[in-house]
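The values are calculated or read from the model by the stated rules, or taken from the named source; none is laboratory data. None of the values given here were measured: they were computed from a predicted structure. Quick reminder, even Gly has a Cβ in these numbers, built from the backbone with ideal geometry, and neighbours come from all protein chains shown.
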Amino acid sequence: MRRILVSACLLGEPVRFDGGARTLAHPALARWASEGRLVRFCPECAAGLPTPRPAAEIAPGDDADAVLDGRGAIRDRDGADRTAAFLAAARLALATAQAHGCAFALLADRSPSCGVRRVHAGRFDGTLRAGMGVTAALLVRHGVRVFAETEIDALAARLAE
Ligand code: SF4
């Protein structure tokens, strides 16, 4: 059984920083759920961050690898350094993926944790830039193949191989 770690907000859980969800409607999700493939997980909640919580972004000039390597920071809208919590979130996600044998992850793009293709640029003005969140980057470092929610069809194709 090839399991998939899934951002909990994509499955309708209201765990985003603003207290909402980012529900992904796709027939593959129901099929995978019935097959027992899905491992739902919110890294930030698991690390003890409250919901709702201030928006946080990887600092301008830093990226997920810099954060993972201790050279970068994640700050919230108020300027507070939240790096330690986001690193803990990433480690918990990795531990969960490994405990459940997840070879794949389906993650909510643009998040400083779960982003796969793009993240916010660190200025809290809605600007996006190419890059990953720290959870996604740590999963990749450990061999988990990560897909943004917009890439669910590509994930389905990989599972069918
Ligand atoms: S940390 Fe990931 S799962 Fe949790 S709300 Fe943010 S994008 Fe969704």
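For region 120-141, give me each residue that is of a type in the set (A, V, I, L, M), closer than 12 Å to V67 by Cβ and either touching a helix residue (DSSP H, G or I) at 6+ places or on another chain (Cβ under 6 Å) or surrounded by fewer than 21 Cβ atoms within 10 Å (Cβ to Cβ) (or both).
Answer for region 120-141, where residues must be of a type in the set (A, V, I, L, M), closer than 12 Å to V67 by Cβ and either touching a helix residue (DSSP H, G or I) at 6+ places or on another chain (Cβ under 6 Å) or surrounded by fewer than 21 Cβ atoms within 10 Å (Cβ to Cβ) (or both): M132, V134, A137, L138.
Looking across region 43-81, the residues that are more than 21 Å from A130 (Cα to Cα) and in contact with a strand residue (DSSP E or B) (Cβ under 7 Å, 6 or more places away or on another chain) come down to P54, D81.
Remark: pairs (first residue in region 76-100, farther than 25 Å from R37 by Cα and of a type in the set (K, R); second residue within 15 Å of the ligand (Cβ to nearest atom) and in a helix (DSSP H, G or I); Cβ separation under 8 Å; 6+ apart in sequence or on different chains) are absent. Of the residues in region 101-130, how many are of a type in the set (S, T, Y) and touching a residue at least 60 places away in the same chain (Cβ under 8 Å)? Looking only at that region, the number is 2. Give me the pairs: first residue in region 18-42 and more than 16 Å from the ligand (Cβ to nearest atom) and among the basic types (K, R), second residue in a loop (DSSP other than H, G, I, E, B) and modelled with pLDDT under 95, beta-carbon distance under 8 Å, and six or more apart or on different chains, which are they? Note: pairs meeting the criteria are R37/M1; R37/R2. If you filter region 104-153 down to residues that are within 17 Å of R40 (Cβ to Cβ) and part of a strand (DSSP E or B), you find that the one that is nearest to the ligand (Cβ to nearest atom) is L107.
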